[in-house]
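A quick write-up on the structure given underneath.
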Amino acid sequence: MTPTLTPPPETVSPPAADERCDRCNAAGKLRITLAGGSELVFCGHHANKYAEDLVKITVRYATDPEFTWRGADLMAN
């Protein structure tokens, strides 16, 4: 039997300091990964404004350590 390596689970990292919101070009605070593997970055304002819609399409997410995303509670449910 030939051993196989299982890749580690994919993780998503918070937006880097120079990454910008896909809606308004403000500093990115939330990164989401969609089912197809694409990623989107949102500022805090747009992340919370569209939280209810974003949780419907988000597979994984990561936030800036100083940002609290309203959608995190919705994702847990």
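The values are calculated or read from the model by the stated rules, or taken from the named source; none is laboratory data. No experiment lies behind these values; they were computed from the predicted model shown. Virtual Cβ from ideal backbone geometry, glycine too; neighbours counted across all protein chains shown. Just so you know, the surface numbers come from the protein's heavy atoms only, side chains and all, with ligands and any DNA or RNA stripped out. Shrake-Rupley method; radii C 1.70, N 1.55, O 1.52, S 1.80 Å.
Summary table below
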item: Y50-T68 pseudo-label distance in nm [points 7 Å out on the Cα-to-Cβ vector]; result: 2.3 nm
item: Cα-based shape type of the chain, given that a ≥ b ≥ c are square roots of the gyration tensor eigenvalues and the cut on a/c is 1.5; result: prolate
item: Carbon/sulfur fraction of accessible area - the chain, other protein chains in place, 1.4 Å, %; result: 52 percent
item: Only Lys, Arg (+1) and Asp, Glu (-1) charged, at Cβ; the chain dipole about Cα centre in debye; result: 140 debye
item: Full-extension gain in nm, D22 to S38, via 0.36 nm per residue minus C-alpha separation; result: 4.5 nm
item: Mean separation of Cα contacts under 8 Å (6+ apart) over length of the chain, as relative contact order %; result: 29 percent
